[in-house]
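The structure appears below as structure tokens.
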Amino acid sequence: MLRVSVSKVRPEQVDRLRAWFTELSGPRRGELLATFVDEGVRHETVLLVPTSDGPLMVYVMEEEDPERSIAAFRDSAHPVDADHRAVLSAAFMGVAEYEVLLDVPAEPPADLSTGPSAEPPAARPGSRPPAGGAAPGTP
């Protein structure tokens, strides 16, 4: 399952975010991959999008089970996760508003109807920003 979040970023934190994600993809990659096992994550992609209203960070995760992923990240004893939470907490100014225009998996989950009465993509679970402004990158 894909999970996407979009967050507003404090402009003064952009360089720190870049440095942090360089660290995660370089010297701390092994630690990051160990957290993937605990969280059931198969892939993460993070985009920084400049806008006239300030930078946005788009966090995309492919994960087995969002609830498992969130709990594993929240309860993690991995030092890299504690560092990740600290960096994101300093950088984020809240969840950005967005509209899901398309959300079509190749094979829909068994619990969703695929017939004419199926709900539109924006009404499906997980297609809107997380309630309460959960920070991206928090599985």
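A short reminder: the numbers here are calculations on the coordinates, not readings from a lab. It should be emphasised that the depicted structure is a prediction, and the values quoted were computed from it without experimental measurement. Because the Cβ atoms are built from the backbone with ideal geometry, glycine has one as well, and the counts that use them run over all protein chains shown.
Distance in nm between label sites at Ala19 and Arg85, each 7 Å beyond Cα in the beta-carbon direction?
Each label point is offset 7 Å from its Cα along the Cβ direction, giving 2.2 nm.
Once phi is turned into ³J(HN,Hα) by the Karplus curve 6.51 cos²θ - 1.76 cosθ + 1.60 with θ = phi - 60°, what whole-Hz value does each residue of the stretch 40-54 show in order, with x for glycine and proline?
Rounded to whole hertz, the list is x, 9, 9, 6, 10, 9, 10, 10, 10, 10, x, 9, 5, 9, x.
Select from the stretch 36-69 those GluC sites (Glu not before Pro) which occupy a DSSP coil region and have at most 15 other Cβ atoms within 10 Å, ordered by residue number. Mind showing how you got there, number by number?
Details: sites: Glu39, Glu44, Glu62, Glu63, Glu64, Glu67; in loops: Glu64.
Within the stretch 36-69, the qualifying GluC sites (Glu not before Pro) (loop, at most 15 other Cβ atoms within 10 Å) are Glu64.
³J(HN,Hα) across the stretch 22-27 via Karplus (A = 6.51, B = -1.76, C = 1.60, θ = phi - 60°), whole Hz, x for Gly/Pro?
Karplus values, whole Hz, x for Gly and Pro: 5, 5, 5, 7, x, x.
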